[in-house]
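Here's the structure, in structure tokens; my notes come after.
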Amino acid sequence: MIILPSLIKFRPSPKLAITIIRQLIRCIRPYLDSNTARTIATSIVHSKLDYCNSLYYNLPKSHITRLQQIQNSLARVVVKTPKSCHITSILHSLHWLKITERIEYKLLSLTYKVLTTTKPPYLHNLISVQPPRNTHSSYHVIPSLDHQHDPRYA
């Protein structure tokens with residue numbers, strides 16, 4: 001059984017996380033086929049890098065860069081490529097989005113879910129849809145600053 005320490009907090013330490021990931025994957029990588037290594041790496045990415053990543057929206061670029069370094073390192077170890085190889089093709093082969101793309105996807109999918117299902121209600125009450133001002137525009141989703149529907153502000 002392998003127990004992973006908490007690799008990422010709000011201010012991730014890429015050196016420590018990269019070292020732990022590399023040691024872990026490199027120790028077991030010779031015993032794994034490619035599909036198993038990808039599955040393990042994907043579970044690490046989903047459990048550690050994607051956890052609450054919508055909170056990372058508008059985070060300073062330095063923090064996003066740290067997270068991207070962690071993801072890039074993990075991808076290179078899994079695919080067994082040197083650091084000199086361009087990362088975009090490696091991430092594409094693993095079907096992974098870059099960190100900024102993951103954050104945007106999470107926010108967009110959550111917004112879509114809230115708008116189409118009205119669930120969870122506490123989020124549905126915090127956004128409103130504004131009709132277009134002219135016929136060439138699309139609808140806009142606007143976060144509500146009005147706290148009248150939020151029970152925390154009652």
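The values are calculated or read from the model by the stated rules, or taken from the named source; none is laboratory data. Because the structure is a prediction, the values reported are computed rather than measured. Counting neighbours? That spans all protein chains shown, and the Cβs are built from the backbone with ideal geometry, glycine included.
Identify, please: which residue in region 41-73 is at pLDDT 80 or above and not in a helix (DSSP H, G or I) and is, among those, surrounded by the most Cβ atoms within 10 Å (Cβ to Cβ)? So the residue we want is LEU59.
When region 25-50 is limited to residues that are among the β-branched types (Val, Ile, Thr) and over 20 Å from LEU97 (Cα atoms), the one that is nearest to the chain's Cα centre (by Cα) turns out to be ILE25. Of all residues in region 64-77, those being in contact (Cβ under 8 Å) with a residue 12 or more places away in the chain and out of contact with any Lys or Arg (no Cβ under 7 Å at 6 or more places or on another chain) number 9.
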